[in-house]
Amino acid sequence: MTDLRKAFFPKLQRVLLVGLCISLLLVSGCTKNSKTDPEDAILPSSFFDDFPNGEQLEAFRRHVQEKAASGEPLAPSFKHNSRSETMLAALELKPTDVVADVGAGTGPFQVFMLEQDAPFQTMYAVDINGRALEFLLFILNTMNYPDREKVRIVTNRFDDVMLPADSIDVLWLLNTPAVAVPAVAPDGRPIYQHDEQKNCILSITKALKPGGRVHVFESQDTHGDSDMFPFINFAFTNAGLHPVRQELIDLQPDGAPHYHLVFEKPK
Ligand SMILES: C[S@@+](CC[C@H](N)C(=O)[O-])C[C@H]1O[C@@H](n2cnc3c(N)ncnc32)[C@H](O)[C@@H]1O
C-alpha cells in the first residue's frame, strides 16, 4: 500500500467514487454528442467499448475512401477542437522534433498535421485503444499522405506510454483527462486517481528528452466550474516536470476554452 493510499485510506471509498466520475467524464468526453462537440462531426475522435459497431465502422471507412478518391482533405470530417490551428501554433514544432500524441484516438490531429504539412521528424500516435489506432492506420494507408511513414502507431498500457527513454522533444495530451487530470481528495486537494495514472505520467517524464516539453489541453467544459490549473499542475510537477506556461485558449469557434499548460523536463 503506498503512502498516499495509507494517508487517505479511511476516505478511500470517496476517492474511488471521484475516480469513477472522472472515468465517466472521459467516456462522455469521447462521445460524438458530448457538450464539448458543438459540431456534428462525421468521424469520431475516439473509439470505446462497443462503439463503433460493424455497420458504423464500415460507414466511417467508406467516408475515408470517398475523401481519398475525391482528393478532398479529411481533417474537416472530425470535430473542430480535435484539429485546431490554434493548438498546432501553440505547440511551436520544429522540423527536427520527435513528437508524441498520447491519447491520439482515431488520429484527427495526425490527419490535420499531415494535411497542413506541419513540421516534425517522427510522430508517435499513442493510445490504449488498439481499434482506434487500427482505424488511424486505415486512414493513413487510404489517404496515402506523403509523410505517412513518419507516423508510428503505439498501443500502450494504461500505466505506461511505452515510448523510448529520452526520445521525445514535444508530447501533448488533448482531452485525455484519464491521464492529465487528478481526482479531488476529501480535503479538496488534488490526488492521483490511482497509481496507474501516476505511473503513466512518470513514464511521460522518462520518455522526454532533457528540455523536452509536455503540452496539456483540456476542455474547460468537461470540468464544470472547478479551476483545473492547480490540479493539472499537481499531476505533472509531482512527476518531476517544471511548469513553464498556463493559459486558457480557444480551440474551437463556439465551444468553451481549453486549459493549456506547458511543462519541461529539467536539463
Ligand atoms: C476523449 S479521447 C481524445 C482523443 C483525441 N486526443 C482528441 O481530443 O480528439 C481520449 C483518448 O485517450 C485515450 N486514453 C485514455 N487513457 C490513456 C492512456 N493511459 N494512455 C494513452 N491513451 C489513453 C482513450 O482511449 C481515448 O482515445
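Values in this text are rule-based calculations from the coordinates and carry no lab data. Model, not experiment: these values are computed from the prediction. Neighbour counts run over all protein chains shown; Cβ positions are idealised from the backbone, glycine included.
Each residue, Phe48 and Arg131, gets one label point 7 Å from its Cα in the Cβ direction; the gap between the two is 1.3 nm. Applying a threshold of 30 Å to the alpha-carbon distances of Lys67/Lys265; Lys67/Lys150; Lys150/Lys265; Lys79/Lys206; Lys94/Lys206; Lys150/Lys267 flags Lys67/Lys265; Lys79/Lys206 as lying beyond it. In summary, the aspartates and glutamates within cross-link reach of Lys209, defined as a Cα separation below 12 angstrom excluding same-chain residues under 8 places away, comprise Asp97, Asp166, Asp169, Glu264. Each part gets one Cα centre, and for the stretch 139-212 versus the stretch 73-92 those centres are 19 Å apart.
A cut-off of 5 Å between modelled amide H atoms, ignoring neighbours fewer than 5 places along the same chain, links Gly212 with Lys265. Extension gain for the segment Thr122 to Asp187, taken as residue separation times 0.36 nm less the Cα-Cα distance, is 19.1 nm to one decimal.
Quick check on the stretch 97-201: of the DSSP beta bridges with both residues there, what percent are antiparallel, nearest 5%?
Numbers: 3 of 16 bridges.
The answer is about 20 percent antiparallel.
In deg cm²/dmol and to the nearest 500, what is the mean residue ellipticity at 222 nm of the chain if only DSSP H runs of at least 4 residues count, each as -39500 (n - 2.57), divided by the residue total? Intermediate results must be reported in sequence, preceding the final value.
Working: 9 runs with 97 residues, N = 267.
Per the formula, -11000 deg cm²/dmol.
Using a cutoff of 8 angstrom between alpha carbon atoms and counting only pairs six or more residues apart, the relative contact order for the stretch 63-139 works out to 32 percent.
Computed from backbone phi, the HN-Hα couplings of the stretch 202-219 come to 4, 5, 5, 4, 5, 6, 6, 5, x, x, x, 10, 10, 10, 10, 10, 9, 5 Hz, rounded to whole numbers (Karplus: 6.51 cos²θ - 1.76 cosθ + 1.60, θ = phi - 60°; Gly and Pro given as x). Couplings for the stretch 137-151, taken from phi via the Karplus curve 6.51 cos²θ - 1.76 cosθ + 1.60 with θ = phi - 60°, read 4, 4, 4, 4, 5, 6, 6, 6, 4, x, 8, 4, 5, 7, 9 Hz in order; Gly and Pro are left as x. Backbone phi angles across the stretch 238-252, fed through the Karplus curve with coefficients 6.51, -1.76 and 1.60 (θ = phi - 60°), yield HN-Hα couplings of 5, 8, x, 9, 9, x, 10, 6, 8, 7, 9, 10, 9, 9, 9 Hz in residue order; Gly and Pro are listed as x. Semi-axes of the equivalent ellipsoid for the stretch 13-264, computed as √(5λ) from the eigenvalues of its C-alpha gyration tensor and ordered from largest down, come to 28, 21, 17 Å.
Using 1/(1 + (r/R0)^6) with R0 = 30 angstrom and r between the beta carbons of Lys209 and Arg148, what's the FRET efficiency to the nearest 0.05? Numbers along the way, then the final one.
Numbers: r = 24 Å, r/R0 = 0.81.
After rounding to 0.05, the efficiency reads 0.80.
Site pair Met162 and Arg62 shows an inter-label distance of 3.3 nm when each label is modelled 7 Å from Cα along Cα→Cβ.
Based on C-alpha pairs under 8 angstrom that are at least 6 apart in sequence, the chain has a relative contact order of 19 percent.
Roughly speaking, what is the stretch gain from Asn238 to Glu72, that is 0.36 nm per residue apart minus the C-alpha to C-alpha distance, in nm to one decimal? Display every interim value, and only then the final one.
Numbers: separation 166, 0.36 × 166 = 59.76 nm, distance 4.44 nm.
Once the chain is fully extended between Asn238 and Glu72, it gains 55.3 nm.
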